[in-house]
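Take a look at the structure set out below.
The values are calculated or read from the model by the stated rules, or taken from the named source; none is laboratory data. Since this is a predicted model, take the numbers as computed values, not measurements. With ideal geometry, Cβ positions are generated from the backbone for all residues, glycine too; neighbour counts draw on all protein chains shown. For accessibility, only protein heavy atoms count, side chains too; no ligands or nucleic acids. Shrake-Rupley method; radii C 1.70, N 1.55, O 1.52, S 1.80 Å.
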Amino acid sequence: MLHNPGEGHPESPTRLKDILAALEKNFPRSGPVLWREAPLGTDAQVLYCHSPEYLARLKGIVTGLGPTSVPAKTDADTSVSEGSLKAALRGVGAVCQAVDDVYAGNVNRAFCAIRPPGHHALKDTSMGFCLFGNISIGAFHALKKPGIKRVVIVDFDVHHGNGTQALVENNADILFFSTHQKPLWPYEPESEASVRGAAGNIRNFPVPEKSAPQVYRDIFTQSILPEIHSFKPDFIFLSAGFDAHRDDPPKENLFNDPPGRQMLTEPDFDWMTAQLLEAAEKCCAGRFVSVLEGGYNTKVLAACCVSHVKTLSAHR
């Protein structure tokens with residue numbers, strides 16, 4: 001909550017405030033869904049994916065800020081406040097702890113309700129509201145576990161997970177799938193190299209504006225799911241960005257994009273999640289970690305997260 005990128009910024013503390021209020025209403029802390037406060041991630045975990053120079057630079061920026069300081073920009077879209085580094089480290093810690101808990105069998109699967117998001121962060125810089133590549137760090141953390149040889153990351157955020165792609169594209173043990181609208185920020189070209197990756201492990205599925213839910217279902221059933229089964233991962237991760245919802249972003253926003261960039265609703269996200277859970281059951285003893293990415297209409301985002309956790313907790 002103390003990561004404050006500035007008044008009017010879309011990636012505001014209200015996102016997590018509304019998510020947690022909705023989750024607590026639907027999943028009381030005394031109930032069967034286990035709540036766990038994220039530990040701080042370690043420098044060593046951050047350095048799975050990021051350079052020491054970037055981490056030191058970010059620490060230096062945050063150290064110079066006080067409670068009343070104006071947020072400091074780390075890139076054109078991303079700003080940090082006094083509490084931002086700890087917030088970002090808790091995001092890293094959440095994903096790594098989730099990996100530990102699922103691997104140990106303490107829980108069946110996990111959802112990391114964190115901010116800032118991570119799938120645009122690059123090795124040497126922040127990007128697109130993201131400071132650390134949370135899900136990429138989680139994937140490398142998983143690969144350090146005995147018996148975990150291959151992992152899959154699926155990203156259904158409306159924006160391309162360009163940071164995740166950049167952080168994993170040289171590792172053939174990580175297979176990355178991204179569905180995203182094109183054209184849309186970050187407006188990066190998708191050459192043959194970026195579609196397949198240096199290690200042949202990148203699969204991008206750009207979709208036009210206002211694509212119908214069936215487009216996503218066809219991508220999953222015809223491409224993503226068959227290749228997951230062929231790859232036989234030992235762990236599956238989901239970058240759960242809910243900004244492909246038909247009511248995201250809100251009408252008044254800094255994106256200058258109207259709501260309905262894509263036409264998905266809660267049942268569509270739940271269907272994709274359930275398909276991945278079934279793949280996890282068949283391929284990797286159900287090992288599955290979901291990590292929050294985008295979603296900026298906070299009431300819609302909260303409803304999506306509730307529905308998402310219901311899907312996760314109901315699946316057996």
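Tell me, yes or no, whether region 295-315 has at least one residue that is in contact (Cβ under 8 Å) with a residue 60 or more places away in the chain and among the charged types (D, E, K, R).
yes
So PRO183 ticks every box in (1) open to solvent by less than 20 Å² (accessible area, probe 1.4 Å); (2) assigned to a loop (DSSP other than H, G, I, E, B); (3) more than 24 Å from TYR103 (Cβ to Cβ) but one. Which box is left unticked?
(1)
Go through region 225-246 and report how many residues are surrounded by 18 or more Cβ atoms within 10 Å (Cβ to Cβ) and not aromatic (Phe, Trp, Tyr).
So the count comes out to 12.
For region 84-100, enumerate the residues that are open to solvent by 20 Å² or more (accessible area, probe 1.4 Å) and not aliphatic (A, V, I, L, M).
LYS86, ARG90, GLN97, ASP100
Of the residues that sit in region 101-127 and are assigned to a helix (DSSP H, G or I) and in contact (Cβ under 8 Å) with a residue 12 or more places away in the chain, which one is surrounded by the most Cβ atoms within 10 Å (Cβ to Cβ)?
So the residue we want is VAL102.
So which residues in region 128-142 are closer than 23 Å to ASN256 by Cβ and either assigned to a helix (DSSP H, G or I) or among the small types (Gly, Ala, Ser) (or both), if there are any at all?
Within region 128-142, the first condition is being closer than 23 Å to ASN256 by Cβ, and the residues that meet it are 128-130.
Selection gives GLY128 alone.
Of all residues in region 277-301, count the ones that are farther than 19 Å from ASP101 by Cα, part of a helix (DSSP H, G or I) and either open to solvent by less than 10 Å² (accessible area, probe 1.4 Å) or of a type in the set (Asp, Glu) (or both).
Adding up the residues that qualify gives 3.
Every residue in region 144-170 that is over 20 Å from HIS229 (Cβ atoms) and surrounded by fewer than 19 Cβ atoms within 10 Å (Cβ to Cβ), please.
If the condition is that a residue be over 20 Å from HIS229 (Cβ atoms) and surrounded by fewer than 19 Cβ atoms within 10 Å (Cβ to Cβ), then LYS144, LYS145, PRO146, ASN170 are the ones that fit.
So how many residues does region 192-224 have that are part of a helix (DSSP H, G or I) and either open to solvent by 20 Å² or more (accessible area, probe 1.4 Å) or among the hydroxyl-bearing types (Ser, Thr, Tyr) (or both)?
15
Answer yes if at least one residue in region 78-93 is touching a helix residue (DSSP H, G or I) at 6+ places or on another chain (Cβ under 6 Å), among the charged types (D, E, K, R) and not in a helix (DSSP H, G or I), and no otherwise.
No, region 78-93 contains no residue that is touching a helix residue (DSSP H, G or I) at 6+ places or on another chain (Cβ under 6 Å), among the charged types (D, E, K, R) and not in a helix (DSSP H, G or I).
If ASP248 satisfies all but one of (1) over 20 Å from CYS112 (Cα atoms); (2) without any contact (Cβ under 8 Å) to a residue 40 or more places away in the chain; (3) outside any helix (DSSP H, G or I), what's the number of the condition it fails?
It is condition (2) that ASP248 fails.
Would you please name the residue that is nearest to CYS304 (Cα to Cα), looking only at residues in region 265-276 that are aliphatic (A, V, I, L, M) and open to solvent by less than 10 Å² (accessible area, probe 1.4 Å)?
Here the residue is MET272.
Looking at (1) under 21 Å from SER211 (Cα atoms); (2) within 15 Å of the chain's Cα centre (by Cα), which one does LEU184 not meet, given that it meets all the others?
That leaves (2) as the condition not met.
What is the residue count in region 1-32 for residues that are open to solvent by less than 100 Å² (accessible area, probe 1.4 Å), more than 21 Å from the chain's Cα centre (by Cα) and closer than 28 Å to SER79 by Cβ?
Residues that pass the stated criteria total 2.
Among the residues of region 143-173, what is the count of those that are in a strand (DSSP E or B) and not aliphatic (A, V, I, L, M)? Please lay out each step first, then the result.
Our first condition is that a residue be in a strand (DSSP E or B); within region 143-173, this holds for 151-155.
Okay, now just the ones that are also not aliphatic (A, V, I, L, M), so 155.
Number of matching residues: 1.
Scanning for something part of a loop (DSSP other than H, G, I, E, B), touching a Gly at 6+ places or on another chain (Cβ under 6 Å), among the acidic types (Asp, Glu) and crowded, with 17+ Cβ neighbours inside 10 Å, does region 257-264 turn up at least one residue?
Restricting attention to region 257-264, the residues satisfying the condition of being part of a loop (DSSP other than H, G, I, E, B) are 257-263.
Still in the list and also touching a Gly at 6+ places or on another chain (Cβ under 6 Å): none.
Checked against the condition, which is being part of a loop (DSSP other than H, G, I, E, B), touching a Gly at 6+ places or on another chain (Cβ under 6 Å), among the acidic types (Asp, Glu) and crowded, with 17+ Cβ neighbours inside 10 Å, region 257-264 yields no hits at all.
Go through region 13-42 residue by residue and tally those that are assigned to a loop (DSSP other than H, G, I, E, B), out of contact with any helix residue (DSSP H, G or I) (no Cβ under 8 Å at 6 or more places or on another chain) and either touching a residue at least 60 places away in the same chain (Cβ under 8 Å) or not hydroxyl-bearing (Ser, Thr, Tyr) (or both).
Number satisfying all stated conditions: 6.
Take region 33-69 and flag every residue that is surrounded by 10 or more Cβ atoms within 10 Å (Cβ to Cβ) and among the aliphatic types (A, V, I, L, M).
VAL33, LEU34, ALA38, LEU40, VAL46, LEU47, LEU55, ALA56, LEU58, ILE61, VAL62, LEU65
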